[in-house]
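Accompanying notes for the structure given below.
Since every read-out is calculated from the coordinates, none of them should be taken as a lab result. Being a predicted model, the structure only gives us computed values, none of them experimental. Virtual Cβ from ideal backbone geometry, glycine too; neighbours counted across all protein chains shown.
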Amino acid sequence: MAVGLFGGAFDPPHLGHVAVVQAAKDAFGLPRLTVLVSAAPGHKGVDAPAEARVELARAAFPGEEVRLDPYPRTIDLLRAMRFDDPLFVIGADEFCDFPAWQEPDAVLELTRIAVATRPGFPPERLDAVLRAVRQPERVVFFDIEPNPAASREIRSLAAAGKPLDGLVPPAVAALIVERGLYRGD
């Protein structure tokens, strides 16, 4: 049985993330999935502290294992943690950046990549990435419905004190308000 892994900054986690996890579990018959909250992502900054983002992820993904990922790069995590038959779940946009990841071919030696694709996503962008890696057979695709939620927009709305209905799970919205996250004051 494959171990599903879903990593990210989750700054904050939103309904798009939740939909990807559920679709991956359904597509690959995964009873559970491990959510890995990047302590310090190597490719972007974060607004909320790691502990707060872990708490938000636990609220967004009840019933899933949520862990703090102390490694800035996926390859470092995979080398250190040694998962049994891992399936690393990412979105199509992230997959298009996969050749720029630290040691992408080594990543594919240690895990299969499951790419969430939405209707209308240009297949030629995905094909270009497959041509750029040594083991394209280690990449699998699954479909998701489009979701307009974006963490940057959610942070902006939260900073303005606006409601986050329809963008984040209710438990996440409550924690953002309760903890005063993304307020900037």
Problem set entry | Tensor-based shape of the stretch 3-148 (alpha-carbon gyration tensor, a/c under 1.5 rounded, otherwise prolate or oblate) | rounded
Problem set entry | Shape parameters for the stretch 95-185, alpha-carbon atoms, Rg then Dmax in Å | 17.9, 48
For this session: Using the charge dipole of the chain (Lys, Arg: +1 at Cβ; Asp, Glu: -1 at Cβ; taken about the Cα centre), state which of Ala160, Ile113, Phe10 has its Cα farthest towards the positive end.
Result: Ala160
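Under a Cβ-only charge scheme (Lys and Arg +1, Asp and Glu -1), can you give me the dipole magnitude of the stretch 1-110 about the Cα centre, in debye to the nearest 20? Show your work: numbers first, answer last.
Numbers: 9 positive and 17 negative charges, 47 e Å.
So the magnitude is around 220 debye.
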Exercise. How much length, in nm to one decimal, is gained on full extension between Gln22 and Phe141, taken as 0.36 nm per residue of separation minus their Cα-Cα distance?
Worked result: 41.4 nm
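In debye, nearest 20: dipole of the chain around its Cα centre with unit charges on the Cβ of K, R (+) and D, E (-)? Don't skip to the answer; put the middle values down first.
Numbers: 20 positive and 26 negative charges, 34 e Å.
Roughly 160 debye, rounded to the nearest 20.
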